[in-house]
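These notes are about the structure you will find just below.
The values are calculated or read from the model by the stated rules, or taken from the named source; none is laboratory data. If you're wondering where the values come from, they're calculated on a predicted model, not measured in any experiment. Glycine also receives a Cβ, built like all others from the backbone with ideal geometry; neighbour counts cover every protein chain displayed.
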Amino acid sequence: MSSPVLEIARSLLSQPTAPFFEEAVRSEIGRWLARMPHVSVDYDNFGNLIALYQRGTAIPRFAFAAHMDHPGFVKEPGANKPALFLGGVPEVYRAKNPPTQDFGNFAMWDLPAFELKEGRIFSRACDDLIGCAAIVAMFEELERTGAEASVYGLFTRAEEVGFVGAMQLAAERRLPQSVTVISLETSSERGGACKMGAGVIVRVGDRTSIFDSATTALFVRWATEAGIPFQRCLMSGGTCEATAYQLYGYRTAALCVALGNYHNCGPEERIECEFVALEDVEAMARLCIAAAKITELCDPHSALRIRLETEMAKFERFF
């Protein structure tokens, strides 16, 4: 898995992006998906990219979602240059006026687009192009192996300003209500609960919401059975798109990888590259693939219920 994931990540991270100006990333994703005969691509009215892998008669159970934007400076209508900053970066970092790179209608911090050092990917925008890369890697592996499966990939716009793309997509009901949306993210290491390099994180919830318990348990089971390194954590440092879809009645769960220098906020109030562990990204892609191949969902709590009922029966004489 390492070579395909790394190649995809390199190509996506090399594309510039900012809220409402995700065209380069979206085009690169489209270029990858165009190679895959069993992946169809559609766009909603807001410009979110909706992809569906369909081979055989399987019914889609999951939609893996990631956003294509990253905090940056954008040009307002009538302005001469990108001057409005969109995204969650504290003023104390921006006040130092770190150098930027101009891309016409928007600008990003002047940082390397992609570097691989000692097993870690460094980039001006890991969040959330790494999640996008994991979805593309999932589609590529399903296509390569001829898997009989059906699964969505959602690539959304303008997440950094309040989940605008995800909310537009959810409000339009472009997905069947029976589909469970799995948010893929990079999430800041906080509190020491989960560690970079220790595997994909099955995210129980975020700062705002708790996600579907049964789906979370299934992903833990599939990771265990497939020998995929994983961690199970709340990751309450921020709010992810799973919460947005949940607000519109969709069942949701989430996966993420630990992120360093969240939103480019490095030590001593310096703007620096974000970074993730390549092995964590590979694990996230592997778990997406494993879930996409599942043909029937079981009750993840049945074994626990049976065990507890068996134990309870030992004490019926006291009832």
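Descriptive notes on the structure:
- Looking only at residues in the stretch 58-86 that are touching a residue at least 40 places away in the same chain (Cβ under 8 Å) and of a type in the set (Phe, Trp, Tyr), the one that is farthest from Val151 (Cα to Cα) is Phe73.
- Taken across the stretch 211-219, residues that are within 17 Å of the chain's Cα centre (by Cα), more than 27 Å from Thr57 (Cβ to Cβ) and among the small types (Gly, Ala, Ser) do not occur at all.
- Any hit, the stretch 38-49, residues being closer than 23 Å to Phe114 by Cβ and in contact with an Asp or Glu (Cβ under 7 Å, 6 or more places away or on another chain): no
- Ser150 being assigned to a loop (DSSP other than H, G, I, E, B) and either free of Cβ contacts under 8 Å to residues at least 24 places away in the same chain or over 21 Å from Cys256 (Cβ atoms) (or both): no
- Checking each residue in the stretch 78-111 for being under 25 Å from the mean Cα position of the chain (by Cα) and loosely packed, with under 11 Cβ neighbours inside 10 Å picks out only Pro90.
- Test: residue in the stretch 129-149 that is modelled with pLDDT of 95 or more, in contact with an Asp or Glu (Cβ under 7 Å, 6 or more places away or on another chain) and either small (Gly, Ala, Ser) or crowded, with 21+ Cβ neighbours inside 10 Å (or both): yes
- Test: residue in the stretch 261-278 that is under 26 Å from Ala51 (Cα atoms), at pLDDT 95 or above and aliphatic (A, V, I, L, M): yes
- In the stretch 233-250, the residues that are under 16 Å from the mean Cα position of the chain (by Cα) and closer than 18 Å to Ser213 by Cα: Cys233, Leu234, Met235, Ser236, Thr239, Cys240, Glu241, Ala242, Thr243, Ala244, Tyr245, Gln246
- Assessment of the stretch 303-312 against the conditions (free of Cβ contacts under 8 Å to residues at least 60 places away in the same chain, of a type in the set (S, T, N, Q) and part of a helix (DSSP H, G or I)) yields at least one matching residue.
- Every test in (1) more than 30 Å from Arg286 (Cβ to Cβ); (2) under 17 Å from the mean Cα position of the chain (by Cα) is passed by Gln168 save one, and that test is (2).
- Exclusive hit being at pLDDT 95 or above and surrounded by fewer than 17 Cβ atoms within 10 Å (Cβ to Cβ), set Arg26, Arg31: Arg31
- Exclusive hit being on the phi > 0 side of the Ramachandran plot and in contact with a strand residue (DSSP E or B) (Cβ under 8 Å, 6 or more places away or on another chain), set Gly87, Gly78, Gly131: Gly87
- In the stretch 45-57, the count of residues that are in contact with a Ser or Thr (Cβ under 6 Å, 6 or more places away or on another chain), farther than 22 Å from Ala171 by Cα and touching a residue at least 12 places away in the same chain (Cβ under 8 Å) is one or more.
- Annotation note: of Ser40, Ser11, the sole residue that is buried (at least 17 other Cβ atoms within 10 Å of the Cβ) and either out of contact with any strand residue (DSSP E or B) (no Cβ under 8 Å at 6 or more places or on another chain) or farther than 22 Å from Val276 by Cα (or both) is Ser11.
- Among the residues of the stretch 154-179, those identified as surrounded by 24 or more Cβ atoms within 10 Å (Cβ to Cβ) and either assigned to a strand (DSSP E or B) or among the polar types (S, T, N, Q) (or both) are Leu154, Phe155, Thr156.
- Residues of the stretch 3-23 classified as modelled with pLDDT under 95 and over 18 Å from the mean Cα position of the chain (by Cα), total: 1
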